[in-house]
1. Kindly give the semi-axes, whole Å and largest first, of the ellipsoid equivalent to the range 2-100, taking each as the square root of 5 times a Cα gyration tensor eigenvalue.
2. Quick one: which of 27-40, 8-21 comes out on top by average Cβ neighbours within 10 Å, and what's the full order, highest first?
3. Add +1 for every Lys or Arg and -1 for every Asp or Glu among the other residues with Cβ under 11 Å from the Cβ of Val14, and state the total.
4. Taking the Cβ of Arg81 as the center, what net charge do the other residues with Cβ under 11 Å away carry, scoring Lys and Arg +1 and Asp and Glu -1?
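Each value in this text was obtained by applying a stated rule to the coordinates, not by laboratory testing. Remember, predicted model here, so these are calculated numbers, not experimental data. A quick note on method: Cβ atoms are made from the backbone with ideal geometry, for glycine too, and the neighbour counts reach across all protein chains shown.
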Amino acid sequence: MAKSHSGAIQLRRVLRLFGLFGHPIRVVIFQRIGRVPSTAGELERMLPITRSAIVQHLKLMEAAGLVRASSEGRRRIYRIRPDGLAPLARWLADHHALDAAGTNWTIGSHGQ
């Protein structure tokens, strides 16, 4: 039972990440702060949305563990968390291995 519960938790994390990256502006924000850590104001100058919308996207990504913010004076600098994509990377690796082995799998099987 514990393995099943753990698998369900991992799958929810993966689905949450897929959902977050389902919004194109989040993909752009993630890519930009991956190249250069930035404040919401700096991102606003590069993107066609308001600062408050950017902050909302950043909060969602921060809650999911994709980004982190650090304070430098009055500025909040957003950076990519190196381990933020780990659940997604593990899920993809598991399913790539199954595909390479010619194994039939379905969503939710997670190699079990």
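1. On the way: eigenvalues 169, 37, 29 Å².
For the range 2-100, the semi-axes come out at 29, 14, 12 Å.
2. Numbers: 27-40: 16.5, 8-21: 14.9.
The packing order, highest mean first, is 27-40, 8-21.
3. On the way: positive: Arg12, Arg13, Arg16, Arg90; negative: Asp94.
So the environment of Val14 carries a net charge of +3.
4. Details: positive: Arg68, Arg79; negative: Glu62, Asp83.
Charge balance in the 11 Å sphere: 0.
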